[in-house]
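See below for the structure under consideration.
The values are calculated or read from the model by the stated rules, or taken from the named source; none is laboratory data. What you are looking at is a predicted structure, and each value in this text was computed from that prediction instead of being measured. Here the Cβ positions follow ideal geometry from the backbone for every residue, glycine too, while neighbour counts run over all protein chains shown.
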Amino acid sequence: MTRVLLKLSGEALMGASPFGIDLPTTREYAREIAECARDGASIAIVVGGGNIFRGMAGAAKGMDRASADYMGMLATVMNSLAVAQALRDAGVAARPMSAIPMESICETYTRYRADEYLKSGEIVVLGGGTGSPFFTTDSTAALRAAELGCSAILKATQVDGVYDSDPKTNPAATRFETLTYGEVLARDLRVMDSAAIALARDSGIPIIVFDIHRDGALADVLAGRGRFTRVAG
Ligand code: UDP
């Protein structure tokens, strides 16, 4: 794997907190990501915003969905600033970029600039989702992975792969080593939302679902070791 797209959900940044950004947890991820970058991996990160605001939650309380989604996208920009800062603190060059222009805060995402930064060894931290409401950051991850020519989408989660039922409540739950995109969609396995799965399938980009909390997990996944589920054609 040379260039990869890492999807970090907002939830992952919460750590044990009920809400928001847990800085020690964020710094731990950053240390691990920085180590992989120093070892030669080219990494684009798409960050979620569910730790701060989800459009659906706003819409459920009566907000206009599009406005609620814009709030969600703003939340992802906050997370991208926190992740980029933590990466810089960990000693690597990292650049937050937003799909929605906000020039005094961070650079606006363009494929060309992101590609240039990646080529020069910087980590790009992509906030603002796709820039459009009615999408998710999972779809953003698939979209950016396709346009930036990433060889895989690494979906960081709280468990070491995709199971046939919830391993937290069912001790007999079985983990899949591999799945096809079609199986994920047909069985509604909720690896990522269906738009993201379809886009990854159409672009032929494998999705690796792994547990970001385990020490060394990212390095292992990059080396093709350890426990994870691989979704491919
Ligand atoms: N969002 C959006 N368009 C996008 C990406 C995200 O409108 O292209 C909004 C949407 O409201 C979403 C919120 O941003 O709920 C946060 O993103 P997401 O729920 O994907 O974050 P995660 O679950 O990964 O933390």
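Structure notes:
- Against the test of being in contact (Cβ under 8 Å) with a residue 24 or more places away in the chain and of a type in the set (Val, Ile, Thr), the options Thr174, Thr140 yield a single qualifying residue, Thr140.
- The criterion of at least 2 residues that are among the small types (Gly, Ala, Ser) and under 15 Å from the mean Cα position of the chain (by Cα) is met, among strands (runs of 3 or more DSSP E) falling completely within region 1-119, by 42-47.
- Of all residues in region 212-233 being among the small types (Gly, Ala, Ser) and loosely packed, with under 15 Cβ neighbours inside 10 Å, the one that is nearest to Thr157 (Cα to Cα): Gly216
- Lone qualifier among Val77, Val4, Val47, Val83 - being within 21 Å of Arg113 (Cα to Cα), at pLDDT 95 or above, β-branched (Val, Ile, Thr) and within 8 Å of the ligand (Cβ to nearest atom): Val47
- Pairing each residue of region 180-196 that is free of Cβ contacts under 8 Å to residues at least 40 places away in the same chain and of a type in the set (A, V, I, L, M, F, W, C) with any residue that is buried (at least 18 other Cβ atoms within 10 Å of the Cβ) and part of a helix (DSSP H, G or I), provided the two are 6+ apart or on different chains, yields C-beta distances under 8 Å for Leu185/Ile197.
- Cross-chain or 6+ apart pairs with Cβ under 6 Å, region 65-86 first and over 10 Å from Ile52 (Cβ atoms) and of a type in the set (A, V, I, L, M), then more than 12 Å from the ligand (Cβ to nearest atom) and assigned to a helix (DSSP H, G or I): Ala82/Thr26; Ala86/Thr26; Ala86/Arg27; Ala86/Ala30
- Residue tally, condition of a type outside the set (A, V, I, L, M) and outside any loop (DSSP other than H, G, I, E, B), over region 170-199: 8
- Residue in region 146-169 that is in a helix (DSSP H, G or I), surrounded by 17 or more Cβ atoms within 10 Å (Cβ to Cβ) and away from the ligand (no atom under 12 Å from the Cβ) present: yes
- Filtered residues of region 1-60 (kept if in contact (Cβ under 8 Å) with a residue 40 or more places away in the chain, hydrophobic (A, V, I, L, M, F, W, C) and over 24 Å from Leu143 (Cα atoms)): Ile21, Leu23
- Residues being surrounded by 22 or more Cβ atoms within 10 Å (Cβ to Cβ) and in a loop (DSSP other than H, G, I, E, B) - total across region 200-211: 1
- Screening region 94-145 for residues that are more than 14 Å from the ligand (Cβ to nearest atom) and among the aromatic types (Phe, Trp, Tyr) and picking the one that is farthest from Leu222 (Cα to Cα) gives Tyr112.
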